[in-house]
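The values are calculated or read from the model by the stated rules, or taken from the named source; none is laboratory data. Treat the numbers as computed from the prediction; the structure is a model and nothing was measured. Please note: Cβ atoms are built from the backbone with ideal geometry, for glycine as well, and neighbour counts cover all protein chains shown. To get the accessible areas, we keep the full protein, side chains included, count just its heavy atoms, and leave off ligands, DNA and RNA. Shrake-Rupley method; radii C 1.70, N 1.55, O 1.52, S 1.80 Å.
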Amino acid sequence: MTYGDVSIAERDKPRGGHGGQSVAARRHPYGRFGRAAVRARWLSGPEDVLPASQQKGTAVASEPSLQYTVPGMSAEDSSAIIELLQRRLHSLNDLHLTLKHIHWNVIGPHFIAVHEMLDPQVEQVRAMTDDLAERISTLGGVPQGTPGALVADRTWDDYSIGRAEAIEHLGALDVVYTRLIEDHREAMQATETSDPVTQDILIEQLRGLELFQWFVRAHLESSGGRLSTADARTEHAAADQAAEQARRQP
């Protein structure tokens, strides 16, 4: 299998895409916040939160105060959970668009296998967004699902790989799934005490997301059990590493 002499990083340099920066230098939906930051930001009182005018991503925070919530939960806890869920909703909405982008732009000998593998993932991720939006509404919030809200609130850049070989997209997608799953786990842990019902939803979604990543990684694993994307921190680096391993394999 031949991928050419020019690396994908050189051929398709990012224009502000999240493949061009290190994790330490930027945040991603598909990036980490850290458990302490999650608890301080989402599960603390209003005095610990910046004014809405100083925040990026305030679509939910700018809504009027809750008029009601589920029995047994305070308005304060519900508001924090609604904000947490809105961020996860944006991330999953972005993911299903990214998956369709890859579905349309994958090429090469493994085109049909990857092309057909992705559509069921798209459908299930869309179902996950529906569950999160309905939970926001159940808690008394207003889910934000418009493209404008996503673009205004997001803290990450677009997926950075264009038309490329299947193995390159799979390498980049492994990085996308890793970061999203890390964030979902952080959110799941943050809801353990305040809202176990929301935690249960996130746990079930993690089961599906981790399964999807396994499908992707099956294409990236060597016979010795090593992932070609090991230690890759950007989409472009992961794409190049995946292509390089494919070239070396018989």
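Here are the numbers for this structure:
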| quantity | calculated |
| --- | --- |
| Complete set of residues in segment 235-250 that are under 19 Å from the mean Cα position of the chain (by Cα) and either surrounded by fewer than 22 Cβ atoms within 10 Å (Cβ to Cβ) or of a type in the set (Phe, Trp, Tyr) (or both) | Ala237 |
| Residue list for segment 157-172, restricted to those being open to solvent by less than 10 Å² (accessible area, probe 1.4 Å), among the hydrophobic types (A, V, I, L, M, F, W, C) and in a helix (DSSP H, G or I) | Ala166, Leu170, Ala172 |
| Where a residue in segment 101-116 is modelled with pLDDT of 95 or more and its partner, wherever it lies, is of a type in the set (Lys, Arg), with Cβ under 7 Å and at least six apart | Asn105/Arg163; Ile107/Arg163 |
| Any hit, segment 134-147, residues being surrounded by 16 or more Cβ atoms within 10 Å (Cβ to Cβ), over 24 Å from Thr198 (Cβ atoms) and at pLDDT below 95 | no |
| Whichever residue in segment 63-91 is free of Cβ contacts under 8 Å to residues at least 60 places away in the same chain and open to solvent by less than 30 Å² (accessible area, probe 1.4 Å) and, among such residues, is nearest to Phe215 (Cα to Cα) | Leu89 |
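Yes/no per residue for (1) outside any loop (DSSP other than H, G, I, E, B); (2) crowded, with 20+ Cβ neighbours inside 10 Å; (3) not polar (S, T, N, Q):
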position	(1), (2), (3)
Arg179	yes, yes, yes
Ala187	yes, yes, yes
Thr198	yes, yes, no
Arg207	yes, no, yes
Leu211	yes, no, yes
Trp214	yes, no, yes
Gly225	no, no, yes
